[in-house]
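Remarks on the structure that follows.
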Amino acid sequence: MTTIKVQADRPGVKINPAMWGIFFEDINFGADGGLYAELVKNRGFEFPDPLMGWHKLSPSKARGQIVVRDDDPFNAANPRYLRIESQGTDVFGVANEGFRGMGVRRGEAYHFSVRVRNVSGAPAMRVCLYSGDGALLETVQLDTFSAGWEKRTAVLHPSATDAKAKLCLLLDGPGAVDIDFVSLFPENTWKKRPGGLRADMVQALADLRPGFLRFPGGCIVEGSELDKRYQWKKPIGPVEGRPLRINRRIYAFVHRPPPADFQTFGLGFFEYFQLSEDIGAEPLPILNCGMACQFNSGELVPLAELEPYIQDALDLIEFANGPATTEWGARRAALGHPEPFNMKMLGIGNEQWGPQYIERLAPFLQAIRARYPQIQLIASCGPLPDDERFEYLWPKFRELKVDIVDEHCYARPSWFFENTHRYDSYDRNGPKVFFGEYAAQSDKMVSVENRNNLECALSEAAFMIGMERNADVVRMASYAPLFSHADAWQWTPDLIWVDNLNLVPTANYYVQQLFCLHRGDETVPTELSGVEQSQAVFAGAVRDNKTGEIILKVVNPGDGPLDAQILLAGEIQPEATEIVLAGSSPTERNSFSRPNQIHPVEAAVTVSGGAFTRRFQPRSLTILRFKGS
Ligand code: AHR
């Protein structure tokens, strides 16, 4: 019989309180069209196609024209605006399609704003919300515009809930106006912050209770060429002045049509730090190291010109942690956060490899260590967990005494099941590991067939047990990517799926959540014996020092139940708690029609003494919390 021996009387190793975290990247409408709650696409007419997302609305009797202009703009950083001229024979104007429609709810308020100036005549403007099938949901009128740019606002209350609404701006009466920065935000954003984040998406992150938040990616950090890299200093301050950037996802994936995805940067580094703080996660920014994405151009900044990149890193630390008397600390304070964000870690480069990376990493390490020796520096170890690029980099990282190495792995579930002992043999004295991007692929990497199914989730749970057992080496781990929009995804699988109104936590999400909620403070040595050859079982235990509880995690990926004897050294109370995540087939998964098909179920259970038998459900992750006596 399978025996799980939990040696609570033997010493374990400490677990990083921030061990399980989140990887955020603006992919699959992660930011614009997702977390950033703006409903208007291309609000400033700055997309390369300035009318992307917009179209002319011209009833048959209407006469007029729309023209994109950039002379005498409202904001020189985003110079384009739209002139609407109407002859007044009927209402005439434009509609915005949103991000695959706009999700609006009956009974909720939506804050509309526009920068507008009158050019000729004295037309009024009707601001209307229409449902996807053309029903009028709300209309308000703005009029008496002045000759200079001004901000006008209105609050819209849609009469029905609709996932595919659109916003229309119609001139009523002859004349012309210029419009720019057209915006529509739900009032009900996260923490009700004006211009803030989508509340249900942030709540899902908060509910994970993550240890850290890694941002802003991912390959987005690197850019396809260096001028398209993520530069954190640009998107801070008033959103109207933040420059647009093309999202490399538009051309990076040939297997899925691009989601017309540009980064308007309403979500910038200040907002990422604030989000980390809101959800109790350590902020973990990743910066460009002077290399563009090596899957694209791989463009390199010459070593002699690396200094501004390093300065960006030093300034970022000052922005996050410096007192308000410093230049960048003052910038943070001016944004409403005089207290430091207390950033402790910084990543230099994402998925880089080769000697060019080492040459660039070394001066970063030297400069940052000289000024901020307390910051833990993270180096990237390429895209795969075991290829020649990986083998080349690890010894170099040891020489450079890198604090933490960021390993990535997108592989079949079998890889995760077979590699649960990966870290048992890692050098205890070298750099620590951040398993910074991983997800089991039900088909293969970058396949549109990948699904967030139960088998993948259980393989990740099994691997996480292995990481937890090696918590003295593995300091952190995060599933990737985080979000995906059902109508605009390019990469699958993803931890959380959304459409314009709904959110689906995957089975993988629940695995992450269960590990976060039942993390423990130190490991408890655990031994498995008597496992039949035809069976796979994964088990590990940790201790919660506050409650004194022993937390046992068991994965039974098999199709049958598993009876196991549990031997627990030390006295325990008979009342225990059991949390089970299970399903009826390996391919089962949550969906928009059944968002909670797979979810954790908690029950009180009774156990007797320090030796007892428990049955573990087929295809399950079980967490048992035992109280000491
Ligand atoms: O998570 C999706 C992508 O996978 C990330 O952008 C990149 O770092 C990795 O290749």
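The values are calculated or read from the model by the stated rules, or taken from the named source; none is laboratory data. Everything numeric here is computed off the predicted structure, so don't read it as measured data. Here the Cβ positions follow ideal geometry from the backbone for every residue, glycine too, while neighbour counts run over all protein chains shown.
Of all the criteria given as (1) more than 34 Å from the chain's Cα centre (by Cα); (2) over 24 Å from residue 59 (Cα atoms); (3) not charged (D, E, K, R), the one not satisfied by residue 104 is (1). Checked against the criterion of being surrounded by 20 or more Cβ atoms within 10 Å (Cβ to Cβ) and either modelled with pLDDT of 95 or more or under 31 Å from the mean Cα position of the chain (by Cα) (or both), the candidates 88, 64 yield just one match: 64. Scanning the range 597-616 for residues that are within 30 Å of residue 484 (Cα to Cα) and in contact (Cβ under 8 Å) with a residue 60 or more places away in the chain gives 598, 599, 600. Just a yes or no: is a residue in the range 284-294 more than 16 Å from the ligand (Cβ to nearest atom) and either at pLDDT below 95 or closer than 16 Å to residue 380 by Cβ (or both)? Within the range 284-294, one or more residues are more than 16 Å from the ligand (Cβ to nearest atom) and either at pLDDT below 95 or closer than 16 Å to residue 380 by Cβ (or both).
Pairs meeting the criteria (first residue in the range 425-443 and over 25 Å from residue 587 (Cα atoms), second residue assigned to a loop (DSSP other than H, G, I, E, B) and more than 16 Å from the ligand (Cβ to nearest atom), beta carbons under 6 Å, at least 6 apart or on different chains) are 426/473; 431/402; 433/473.
Given the criterion of a type in the set (Val, Ile, Thr), closer than 21 Å to residue 351 by Cα and either in contact with a Leu (Cβ under 8 Å, 6 or more places away or on another chain) or at pLDDT 95 or above (or both), identify the matching residue among 221, 182, 177, 254. Answer to the selection: 221.
Where strands (runs of 3 or more DSSP E) fall wholly inside the range 153-248, the ranges with 3 or more residues that are in contact with a Ser or Thr (Cβ under 7 Å, 6 or more places away or on another chain) are 162-172, 175-186.
In the set (1) over 21 Å from the mean Cα position of the chain (by Cα); (2) surrounded by fewer than 23 Cβ atoms within 10 Å (Cβ to Cβ), the condition left unmet by residue 291 is number (2).
Yes/no matrix, rows are residues, columns are (1) in a loop (DSSP other than H, G, I, E, B); (2) in contact (Cβ under 8 Å) with a residue 12 or more places away in the chain; (3) acidic (Asp, Glu):
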| site | (1), (2), (3) |
| --- | --- |
| 8 | yes, yes, no |
| 26 | yes, yes, yes |
| 29 | yes, yes, no |
| 50 | yes, yes, no |
| 62 | yes, yes, no |
| 67 | no, yes, no |
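For the range 440-453, filtered to residues that are among the aliphatic types (A, V, I, L, M) and out of contact with any helix residue (DSSP H, G or I) (no Cβ under 7 Å at 6 or more places or on another chain), the residue that is modelled with the lowest pLDDT is 446. Each residue in the range 472-483 was checked for being over 11 Å from residue 25 (Cβ atoms), crowded, with 24+ Cβ neighbours inside 10 Å and either within 11 Å of the ligand (Cβ to nearest atom) or among the β-branched types (Val, Ile, Thr) (or both), and 2 of them qualify.
Rundown of residues vs (1) within 16 Å of the ligand (Cβ to nearest atom); (2) farther than 19 Å from residue 439 by Cα, yes/no style:
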| position | (1), (2) |
| --- | --- |
| 468 | no, no |
| 491 | yes, no |
| 522 | no, yes |
| 531 | no, yes |
| 546 | no, yes |
| 549 | no, yes |
